[in-house]
Each structure stands twice: as C-alpha cells, then as structure tokens.
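See structure below.
Bear in mind these aren't lab numbers, they're just calculated from the coordinates by the rules spelled out. Not measured: the values here are computed from a predicted model. Cβ placement follows ideal geometry from the backbone for every residue including glycine, while neighbour counts extend to all protein chains displayed.
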Amino acid sequence: MKNKLSKIELKLEFNPKRNYQLVTPCCHKSNKDGKFSNYKHLPEKYGYCHSCGKSTLPPTRYNDENGLQYEWNITNNCFEPVVLQMYSQNVLQMADQAVGHCKTAKNFVAIEPKYIPKALILRYKDHKPENNLLQYIRLTYGNKNTELVKKLYYIGSSKDGGTVFWNINKNQKAQKAKVSYYTKKGKRTNKFKVPFKNSDGYYSCLFGEHLINLPENKNKTIILAESEKTAIICALYIPEYTWLSYGGINGLTRDKLNVLIGRKIILVPDLSENAVTIMNKKLPFLKELGIDAKVWDMTNGKTDDQLKNEGWYNCDLEDILRGFSK
Ligand SMILES: [Zn+2]
C-alpha cells in the first residue's frame, strides 16, 4: 500500500535583525559584516548569504494523511518521520545529527495538492432545500444574517441534508470539504462525511482561512473557535474579529497554522477543563512558530463539576452569547 505525502510549503521571510555573531553555515566566515541574512521563525543557521550567494534552507517536510510529518533522508534514501514538532535550535541540531535506520517503507509518493472548482462550491451554496443548520440560523438570527454568513463562508447544502463547510485557503482556493449533519434545532449529530480525500491531493486548511487576508480583515485579530458553527454565528455577533474554526481539538496542526505566522490570534476552546488545558499546552508551540496567541478561557477557572452544575459544561461560545442575549 502506498502512503501518499504532500509537500509542506515553507513561508520564508528575512529577519530584519541580523546576527553578527554567527559563523555562516555556507562558507564558514564570521558574519561581523552582516552578509548572512537569516529567516524569521527558523533557527538562525537558515538564511541567505550575500558573501557566497548560497541559500541554506531547512529540509523539505511532507505531510501524510494523518498530519504526521516526514523528511527525505539523503543518506538512507527514504522518507523518515519527523518526531520532533518544534523548530527550536537545539532540537533541530539534534535531529540533524541523529543517525538512525529507516523504518518507513520506501514506496512513498509525494502528490501535488488539488483544488475544488468554484462552480461546484456555488452549486452547493444554491442547493435547495437548505440544510438544517442554515434553517436554524434563519429562524434564530433572521434572513439577512443568514445570507451574510452563507456568502461569507460559502456554506453549502448537500442532497442528503448535510451542511457543507469548505476549506478555502488564503488564495481563495478550496482544498477540502467537511459535510456535517445537524438537527432542526441546530445541534450537531455524530454523522459527518469527508468527500474529498487526502489520498487524492485534497488537504484540509483552517475553516475561514480565505477571510484572513481580505483588505477589510488584514488588521483584525483572528479568533479560532473549535467548531465551524461557532465561528459562523460569532461572525454575526462580533464582526470586529475574523472568525475561523480549527475543526476539533486535534485540528491545530503545523501545516494549518503556518498561515497565521505574524498574526494576532485568540483561541477559544469549548467549556471544559480538558479543552482549556490542551489549548494552553499548545501556546509555546504557537509562539515558537511566530504566532501571537492567547487562550480565551471561558471557564474562568471553574472545574468541570462546577460547570456541570451551572449547565455550562462543554458549551461553546454561541451558547454563551445566546445566554447573555436572552
Ligand atoms: Zn556564504
């Protein structure tokens, strides 16, 4: 069985501050004249040398279907899993020096990403009857608001009544879709479908990523909510922020987060001790990537038992906003 891998694109940006102390990795000279310009958010040994004209780049990484990362090992001539998820200097040096045996199969193929045609997205957006979630939003927030979010996020309806959430990237290209099924009351059921597969070149990105670089949103803080529905409804309540969803507690992978480098973000986990703890643990990783992130802890330090007693346990931001506006 072939395991398909996709290349992870690195965002390379020069660091305006040069390190005059380092020895250039390319021609091994002192950098006191500042000829070596390193990249932001990467260890200092990666950069461009104006003295010898050589770029020193980190090894290209690849993602598999489960979001695990791999690097091509030149010595062993095969892909090897990257166990270390952080680019901190010491860690990377260790990884560079590590000599090991190739445990992965040699039959990996890197496949190019594919995109879903816009015409298809529009067809799902116009499909009637509308899915349960949109019907719920219509009843609760009115037609004008519903049209607004439908247009903003291209929310579609599938023939079997599902809500289609497209993963459209910052270049306005649709990479993947998630079809979720809601009750008439707007509650999510356990059923969902992912029609476009990683194995065919369709990779997920953050839901709402297409909004972050629009001129009107460029300076807005980005809020990452757990569910798509929360992001959509909060976009109505608090349009001062750009609302994205990471689609579940394990959805914050490095390849999805790359687009947020250099941006201010707020993470909003659902109301449980566990969700908040997991998010707080992610903060150093985000900082390492160069993302200015905070966690909005809506539990206010309350335990799960207290939250259960008060009826807030596992609630999301929409539940809270609706609670306030009642
Ligand atoms: Zn050089």
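Subtract the Cα-Cα distance of Y141 and L214 from 0.36 nm times their separation in residues, and report this length gain in nm to one decimal.
Roughly 23.8 nm would be gained on extension.
Where a ≥ b ≥ c are the square roots of the eigenvalues of the C-alpha gyration tensor, would you call segment 108-235 rounded, which needs a/c under 1.5, or, failing that, prolate if a/b is larger than b/c, or oblate?
Verdict is oblate for segment 108-235.
What translational diffusion coefficient, to the nearest whole µm²/s, does segment 235-288 have by Stokes-Einstein, given a Kirkwood radius computed over alpha-carbon pairs, a temperature of 25 °C and 0.890 mPa s viscosity?
Here the translational diffusion coefficient equals 198 µm²/s.
Obtain the nm distance between the two label points defined at D200 and F285 by a simple spin-label model: each point lies 7 Å from its Cα along the Cα-to-C-beta direction.
Those two pseudo-labels are separated by 2.9 nm.
In what sequence do W243, W312 fall when counting other Cβ within 10 Å, fewest first?
Lowest to highest Cβ neighbour count: W312, W243.
Please rank F196, F79, fewest neighbouring Cβ atoms within 10 Å first, as an exposure proxy.
F196, F79
Does segment 207-326 classify as rounded, prolate or oblate by the C-alpha gyration tensor (a ≥ b ≥ c root eigenvalues; a/c under 1.5 gives rounded; else a/b over b/c gives prolate, otherwise oblate)?
In terms of gyration-tensor shape, oblate.
Classify segment 169-254 as rounded, prolate or oblate from the Cα gyration tensor: take a ≥ b ≥ c as the square roots of its eigenvalues, call it rounded if a/c is under 1.5, otherwise prolate when a/b beats b/c and oblate if not.
The shape class here is oblate.
First measure r as the distance between the Cβ atoms of A119 and L57, then evaluate 1/(1 + (r/R0)^6) with R0 = 56 Å and state the FRET efficiency to the nearest 0.05.
FRET efficiency, A119 to L57: 0.90.
If you line up the long axis of helix 228-237 against the longest principal axis of the chain, both from Cα atoms, how many degrees apart are they, to the nearest 10?
The angle comes out near 70 degrees.
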